[in-house]
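The values are calculated or read from the model by the stated rules, or taken from the named source; none is laboratory data. Given the structure is predicted, the values throughout are model-derived calculations rather than measurements. Quick reminder, even Gly has a Cβ in these numbers, built from the backbone with ideal geometry, and neighbours come from all protein chains shown.
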Amino acid sequence: MPTTTAGRNAGVQGIAGTLTPLFNNANAHLGVGNSATAFSAAQTDLVGASKTRKAMDATYPTVATNVITAVSTFGTADANHAWDEVGFFNGATANTMFSRVVTALGTKTSASTWVLTYTHTTTLA
């Protein structure tokens with residue numbers, strides 16, 4: 001998932017110990033929206049008119065060497081709209097959108113529960 005400018009800056013703040021809130025289980029959220037607008041590093045939120053953020057499932061996010069994995073469960077009452085974009089956030093509202101990807105995942109309805117898994121791999125340049 002492409003990293004936003006704010007996400008890059010959050011990574012630097014995390015290294016320096018000045019990032020608040022942290023991207024931890026208490027704060028991190030995955031968000032879905034209904035926009036297919038192309039990614040821009042300057043974006044600070046999902047673009048869609050319909051968008052929903054959900055807190056992390058228990059024990060997430062996890063880190064294994066250079067990979068972050070985040071998982072959120074969207075129940076029958078959550079995010080019942082087209083899922084065309086995904087973002088990783090450190091808050092339920094506002095705060096920092098670390099990354100955003102445009103991908104058509106389908107349209108969720110109240111008849112189902114969907115589990116969204118996000119992985120971010122940091123690589124060497």
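One residue is enough: does the stretch 103-114 have a residue meeting the conditions within 26 Å of Val12 (Cα to Cα) and either small (Gly, Ala, Ser) or at pLDDT 95 or above (or both)?
No: the stretch 103-114 contains no residue that is within 26 Å of Val12 (Cα to Cα) and either small (Gly, Ala, Ser) or at pLDDT 95 or above (or both).
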* Asked: Which one of these is over 15 Å from Val102 (Cα atoms), surrounded by 15 or more Cβ atoms within 10 Å (Cβ to Cβ), charged (D, E, K, R) and out of contact with any Lys or Arg (no Cβ under 8 Å at 6 or more places or on another chain): Asp57, Asp84?
  -> Asp57
* Quick one: would you say Asn90 is under 12 Å from the mean Cα position of the chain (by Cα), at positive phi and surrounded by 16 or more Cβ atoms within 10 Å (Cβ to Cβ)? -> no
* **Boolean, Ala26 is part of a loop (DSSP other than H, G, I, E, B) and either in contact with a strand residue (DSSP E or B) (Cβ under 6 Å, 6 or more places away or on another chain) or among the aliphatic types (A, V, I, L, M) (or both)** => yes
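What's the total number of residues in the stretch 49-65 that are under 20 Å from Asn25 (Cα atoms) and part of a loop (DSSP other than H, G, I, E, B)?
Keep residues of the stretch 49-65 that are under 20 Å from Asn25 (Cα atoms), which gives 52-65.
From what is left, the residues that are part of a loop (DSSP other than H, G, I, E, B) are 56-61, 65.
The qualifying residues number 7.
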* Within the set of pairs 6 or more residues apart or between chains, which connect a residue that is under 21 Å from Ala26 (Cα atoms) and touching a residue at least 60 places away in the same chain (Cβ under 8 Å) inside the stretch 66-92 to a residue that is polar (S, T, N, Q) and in a strand (DSSP E or B) with Cβ atoms less than 8 Å apart? -> Val86/Thr103; Phe88/Ser99
